[in-house]
Every structure is written in structure tokens, then in C-alpha cells.
Amino acid sequence: MTLRPEGTAPVVRAYLEHRLFTKAPIIKIYYLGPMFRHERPQAGRFRQFHQIGAEAIGSENPAIDAEIISLLNHLFEDLGLEGIELQMNTIGCRNCRPEFKERFKVYMEAKAARLCPDCVVRLQRNPLRIMDCKEEGCQKVIRVAPRFSQVICDPCSQHFRELEGLLSLLKIDYQVNERLVRGLDYYTRTTFEFINPVLGAQNAIAGGGRYDGLVEEIGGISTPAIGFALGVERVVVSLPEDRPCLKAPYRGVYVATLGDEAFRSGMLILSELRRRGFRASIDYENRSLKSQMRQANKEGYRFCIILGDEELKEGEATLRDMEKAQQERVPFSNLVDRLLALGEERGA
Ligand code: HAM
């Protein structure tokens with residue numbers, strides 16, 4: 001019998017075993033269930049706990065990073081959680097990460113006498129985990145240690161800047177925490193955690209990031225991916241006393257865009273739709289309008305919002321009812337109300 005510690009590696013194995021890459025350019029999967037870890041139990045840290053996770057496999061577009069983060073952000077907002085902080089970092093790729101690891105290790109080896117016994121072990125096994133140490137003596141050493149931002153390569157730095165731009169566009173607050181390394185080995189580039197500061201030492205209610213090398217490591221072709229998992233027990237203890245009930249999502253809306261500017265407006269509309277309870281999706285691959293519509297149909301979306309140059313100029317979108325094959329032009333500000341008026345039903 002094997003007890004799984006987490007869901008990402010199993011999802012990647014299933015992705016390869018069932019050849020899910022032949023089904024769509026980006027595969028999005030969610031899961032929930034018990035996980036098991038042989039860790040030292042303490043408040044908020046159990047040997048059996050539950051996770052809800054989601055993975056998006058197939059794109060390196062930073063807009064997917066923004067989507068994954070905003071999905072969690074919406075969920076925590078809907079649940080009425082307060083005082084939650086989002087911390088984010090980039091830990092680089094196979095080109096720039098090894099150099100940083102090496103520099104950091106050499107630096108820490110020189111300071112080994114000032115590290116706690118746990119960190120002396122970490123120095124051999126996984127030196128970057130030293131950054132997580134809460135011991136005051138180690139913290140002093142860490143504060144002046146080499147920083148990842150000193151060695152990051154241009155493509156990684158550009159990727160992170162684009163993600164930051166999208167989060168600002170979506171009005172999602174975050175802090176860059178250069179010490180955020182995360183406990184699992186597969187991460188590359190974006191890493192993030194949602195923190196509830198009142199929970200004490202085990203205060204991460206969700207965490208995730210990119211793992212652009214994992215599909216290849218498990219035996220597939222090089223495929224970028226990103227995901228998250230939230231800890232159900234930690235979210236439950238964070239819920240306010242008078243928590244609201246979550247609403248079932250309305251039937252789906254697919255946002256089809258043409259060009260960069262339309263895509264940015266599309267991201268805003270996508271975010272608003274989700275905030276208002278719609279199941280909604282957008283294309284990240286710059287595909288033709290025709291193939292976006294085909295995808296919307298295939299995935300069973302009832303409505304499609306189409307944004308091109310002409311629509312943008314007028315501040316309007318084309319709203320298409322896929323079932324009835326009818327369409328109309330609607331100003332951006334009326335989109336959600338119009339969709340509701342068109343008789344969207346809950347729970348379908
Ligand atoms: P993780 O940070 O190890 O990431 O776990 C995610 C969340 O599960 C944590 O933020 C925490 O809320 C909860 N959690 C973890 N360990 C425990 C424990 N011993 N007791 C209670 N709660 C716990 C992952 O598992 C990655 N698979 C996330 C991911 C998905 N990255 C990419 N895709």
C-alpha cells in the first residue's frame with residue numbers, strides 16, 4: 001500500500017498514462033481527497049489531511065499563472081476569508097536555478113557554524129530549504145545570503161514581470177517574497193502561497209507554482225505546467241463564524257479574443273464573470289477565432305463572448321448563444337446583466 005503525499009505528480013502520471021495531451025492543448029484537472037505525510041505533527045500540521053488541488057498542463061503563458069492565482073483568490077473571497085496574504089516568488093528555470101543553488105550552498109557552507117542542527121542537515125539534502133528556517137540565528141545568516149534576483153535569466157525575469165502586470169490588471173494584491181522556496185523539488189519559475197497570518201507557524205492555507213520540468217522528468221515530452229493545492233483543514237479553521245454558502249456556478253461562458261489588447265480586456269471580463277458565479281474560460285494560445293469557437297462548443301459552453309478590434313473600439317462585445325446560434329452586440333458594462341437576462345440557469 002502506498003499513501004500519497006500530494007496530487008501533482010500523480011496527476012502528471014495520469015496525464016501521460018492516458019495520453020491526455022492528445023485531447024486538448026491545455027488540460028485542466030482538479031482533485032480533492034486525503035493526503036498523507038510523515039511529518040512532525042503540530043498545530044495545523046497533520047499526518048493525514050485533505051487537499052483540493054487544480055493543475056493546468058500545457059502552457060507557459062504567464063496568464064495561466066494569473067488564472068490559477070485568481071481562481072484561489074476568488075474562492076477565498078467567496079468563502080469570506082479575511083486578512084489573507086498572497087506571497088509570490090520566481091525560482092528560475094533549469095538554466096539559472098543551478099547557479100543560484102550552487103552560490104547559495106557555498107555561502108551557507110562558509111556559515112555552517114552559525115546554523116541550527118536542522119539546517120546543517122538541510123545543507124546536505126536541500127540547501128534552499130534553509131530559507132524557510134524560523135530560527136533567529138539562521139534568519140540572520142539568510143538575510144544577507146545571495147538572492148535569486150541576482151542570477152535570474154532574462155526569460156524568467158520577463159515571465160515574472162508579465163505575471164505581475166496581469167495581477168495588477170486584475171487588482172490582486174501580492175507581496176514578492178524572495179525567500180519563498182516551497183518544500184517540493186519539482187518547482188520552476190512562479191511559486192506562491194496564500195498565508196493566513198493568525199494561524200501561527202503552519203500558516204499556509206494554499207500553495208503552488210510552476211513545474212515546467214516534471215512532465216519530462218516522468219517520461220513525457222517537455223511540457224510546461226502550473227497548479228495549486230489548498231489545505232482543507234487550514235481553510236476550515238480560517239472560515240468566519242457567519243460564513244456564506246457558496247453559490248453553484250451558472251452555465252458556462254467562453255471568452256474568445258483576437259489580438260493582445262482584446263486578450264487583456266478578455267482577462268478582465270473573465271475575472272468579473274467568475275466573481276459573479278459563472279463558469280468561464282479563455283484561450284491562451286492565440287488561436288484563430290474559428291478554433292476558439294470549436295473549443296467552446298466541444299467543452300459545452302452555452303455562451304461565447306467575442307472580442308476583436310472592432311468591438312474594442314466601440315467598448316462592446318459580441319455575445320453569442322451557441323445553442324440558438326444567435327448573437328448580439330452588448331456594451332462591456334452590461335455583459336453580466338445581459339447574460340443573466342438571457343435565462344442562465346444555476347447549477348447546470
Ligand atoms: P504543499 O504546499 O505541500 O503543496 O501543500 C498545499 C497545502 O496543503 C498547504 O498550503 C497546506 O495548506 C496543506 N498541507 C500541506 N501539508 C499539510 C499537513 N501536514 N497538514 C495539514 N495541511 C497540510 C502541494 O502539495 C503541491 N502539490 C501543490 C501544487 C499543485 N503545486 C503545483 N500544483
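Nothing in this text is a laboratory measurement; each read-out follows from the coordinates by a stated rule. Nothing here was measured: the structure is a model prediction, and the numbers come from that model. Glycine also receives a Cβ, built like all others from the backbone with ideal geometry; neighbour counts cover every protein chain displayed.
222 nm [θ] for the chain, helices only, -39500 (n - 2.57) per DSSP H run of 4+, per residue, to 500?
It lands at -10500 deg cm²/dmol.
Of 170, 207, 158, which is farthest on the positive side of the dipole of segment 147-278, counting Cα position, with +1 on Lys and Arg Cβ, -1 on Asp and Glu Cβ, and the Cα centre as origin?
Of the listed residues, the answer is 170.
Which is farthest toward the positive dipole end of the chain among 56, 270, 15, measuring Cα position about the Cα centre, with Cβ charges +1 (Lys, Arg) and -1 (Asp, Glu)?
The Cα lying farthest towards the positive end belongs to 15.
Please list, in chain and number order, the residues 5+ apart from residue 189 or on another chain whose amide H is under 5 Å from its amide H, with Hs placed from the backbone.
Placed amide hydrogens put 91, 92, 93 under 5 Å from residue 189.
Could you work out the Rg to Rh ratio of segment 186-247, with Rh taken as the Kirkwood radius (inverse of the mean 1/r over all Cα pairs)?
1.15
Give or take rounding to whole Å, what are the principal axis extents of the alpha carbon atoms in segment 115-255, in descending order?
53, 43, 32
With θ set to phi - 60° and the Karplus curve 6.51 cos²θ - 1.76 cosθ + 1.60, what are the ³J(HN,Hα) couplings of segment 51-66 in order, to the nearest whole Hz, using x for Gly and Pro?
Whole-Hz 3J(HN,Hα) from phi for segment 51-66: 10, 10, x, 9, 10, 10, 10, x, 9, 9, 4, x, 5, 6, 4, 5.
With a sphere of radius 13 Å drawn around the Cβ of residue 208, what net charge do the other residues whose Cβ falls strictly inside it have (Lys, Arg +1; Asp, Glu -1)?
Taking every Cβ under 13 Å from that of residue 208, the sum is -2.
Using all alpha carbons of segment 75-179, what is the percent of pairwise distances in each 5 Å bin, ordered from the shortest bin to the longest?
Over segment 75-179, the share of Cα pairs per 5 Å bin runs 2, 11, 19, 18, 15, 13, 11, 8, 2, 0 percent.
Against the longest principal axis of the chain, how steep is helix 154-169, in degrees 0 to 90 to the nearest 10, with axes from Cα atoms?
50
Could you give the size of the charge dipole of segment 155-282 about its Cα centre, using +1 on the Cβ of each K and R and -1 on the Cβ of each D and E, expressed in debye and rounded to the nearest 20?
500
Determine the equivalent ellipsoid of the chain by diagonalising the alpha-carbon gyration tensor, then write out the semi-axes as square roots of 5 times the eigenvalues, largest first, rounded to whole Å.
Rounded to whole Å, the semi-axes are 39, 22, 20.
I need the peptides 173-181, 72-80 ranked by packing, meaning the mean over residues of other C-beta atoms within 10 angstrom, with the highest value on top.
In decreasing order of mean packing, 173-181, 72-80 become 72-80, 173-181.
Name the residues whose placed amide hydrogens come within less than 5 Å of the amide hydrogen of residue 206, ignoring near sequence neighbours (fewer than 5 apart) on the same chain.
HN-HN under 5 Å from residue 206: 194, 231.
Taking the chain as a Gaussian network, where each spring joins two C-alpha atoms under 10 Å apart, which residue of 197, 41, 127 fluctuates the most?
Most flexible of the set in this elastic network: 41.
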